[in-house]
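Working notes, beginning with the structure itself.
FYI, it's all coordinate maths here, none of it is from the lab. All values derive from a computational prediction rather than experimental measurement. Here the Cβ positions follow ideal geometry from the backbone for every residue, glycine too, while neighbour counts run over all protein chains shown.
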Amino acid sequence: MNTQKQGKLICVGTGMRMAGQLTPIAKSYIETADVVIAAVPNVFARKWLQGIAKEYVCLLGYYSDCDVEGKNRRDTYRRMTETILQAVREGKTVCAAFYGHPGIFACISHMAIEGARAEGFSAHMEPGISAEDCLVADIGIDPGKTGVQAMETTQFMIYQRKIDPTCLLILWQPGLAGELSLKRFDTDAARLQVLVDKLARDYPLDHEVILYEAATHPLEQTRQDKIRLRDLPQASLKQITTLVIPPAAAMQFDQVIIDRLKALPALGTVSELSEASVS
Ligand SMILES: C[S@@+](CC[C@H](N)C(=O)[O-])C[C@H]1O[C@@H](n2cnc3c(N)ncnc32)[C@H](O)[C@@H]1O
């Protein structure tokens, strides 16, 4: 017996650049859902979504919760999630749309999907093109070359993290670095200096870092400003800036592991392996 309730949730991403980065399946859900509930800051993207959705609910106004005494971003995210879930409970097919990838540094989609499934509704996420995908293409970095560490800037600052300076480091939300009240969406030179001091444990102060901002429409320029790490506190950072820190040192061989691997017998041929798996 099918016990799935009638409401349904699909979380989609719109990509970073509206014209061309929306996947066909995401577009199809946006067009056919009973309601599109979205937190898409780009005005052109928003207008376009409003034009093709049957009904459109904009969540952006909820950020004003942060101006209320005793409330912060977490309250905003909970209220956004609740709005999505309420529409699902009403039996609607709900498409929740977020810019970039809906599940990368975007907690609302994860909370909504978990909540919907816990209440017995069908819920899933479709992937989208994230800021990290764009920076790989725009800057021309292959994360597979050295490996990549990626984390939120304030999380990096306030927790004890092990940084590997032989791999690429991507810090998200440096424009909110060290903002602990969870009420504001900016930072200042003093907080950025704390970030620089922490990074200086693993990187030389004259190490070149990149301030990256993907163009969000065809008339916008992508920002890829290369600056010295020590100059970060004086740089202009926005909410959309991502900090890219290329490797500062070469990878070192782990000779113990290499010797162990070399001492092992050669791997079997493909036919030997398939015979072994049959027997
Ligand atoms: C809440 S996260 C949203 C990420 C988004 N879900 C994605 O898939 O890319 C916001 C952070 O994403 C990064 N970001 C957002 N827009 C960007 C852009 N146009 N260029 C570069 N990074 C961007 C910045 O690090 C920003 O602080």
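Just checking the listed ones, Gln224, Gln86, Gln173: in the Gaussian network model of the chain with Cα springs under 10 Å, the one fluctuating most is Gln86.
So which trypsin sites (Lys or Arg not before Pro) in segment 82-179 are both in a DSSP loop and have at most 16 other Cβ atoms within 10 Å of their Cβ? Hits after loop and neighbour filter: Arg161, Lys162. How much of the pair distance distribution for segment 143-267 lies past 24 Å, counting alpha-carbon pairs only, in percent? Counting every Cα pair in segment 143-267, those more than 24 Å apart make up 35 percent. Of the residues Ser28, Leu169, Cys95, the one whose Cα sits farthest towards the positive end of the charge dipole of the chain is Cys95 (charges of +1 on Lys and Arg Cβ, -1 on Asp and Glu Cβ, taken about the Cα centre).
Based on C-alpha pairs under 8 angstrom that are at least 6 apart in sequence, the chain has a relative contact order of 19 percent. Taking a ≥ b ≥ c as the square roots of the Cα gyration tensor eigenvalues, with a/c under 1.5 meaning rounded and otherwise prolate when a/b beats b/c, else oblate, which class fits segment 193-268? Oblate is the answer for segment 193-268, as a/c is 1.5 or above yet b/c matches or exceeds a/b. Distance between the C-alpha centers of segment 87-112 and segment 236-255? Whole Å please. For segment 87-112 versus segment 236-255, the Cα centre distance is 31 Å. For the listed residue pairs Lys145/Lys262; Lys145/Lys238; Lys54/Lys92; Lys71/Lys92; Lys8/Lys71; Lys162/Lys226, the alpha carbons are over 20 angstrom apart in Lys145/Lys262; Lys145/Lys238; Lys71/Lys92; Lys8/Lys71; Lys162/Lys226. Rounded to the nearest 20, the Cβ-based charge dipole of the chain about its Cα centre (Lys and Arg +1, Asp and Glu -1) stands at 520 debye. For segment 8-129, the Stokes-Einstein estimate of translational diffusion at 10 °C and a viscosity of 1.306 mPa s comes to 112 µm²/s, using the Kirkwood hydrodynamic radius over alpha-carbon pairs.
Tell me which trypsin sites (Lys or Arg not before Pro) from segment 17-59 have a DSSP coil assignment and no more than 15 other beta carbons within 10 Å of their own. Qualifying residues, ordered by number: Lys54. In terms of its C-alpha gyration tensor, the chain has an oblate overall shape, because the principal axis ratio a/c (a ≥ b ≥ c, square roots of the eigenvalues) is not below 1.5 and a/b does not outweigh b/c. For segment 103-165, chymotrypsin sites (Phe, Trp or Tyr not before Pro) meeting the loop criterion (DSSP other than H, G, I, E, B) and having at most 13 other Cβ atoms within 10 Å: Tyr159. Collect residues whose amide H, placed 1.01 Å from N in the peptide plane, falls under 5 Å from the amide H of Val35; neighbours closer than 5 in sequence don't count. Close amide H contacts, sequence-distant or interchain: Thr93, Cys95.
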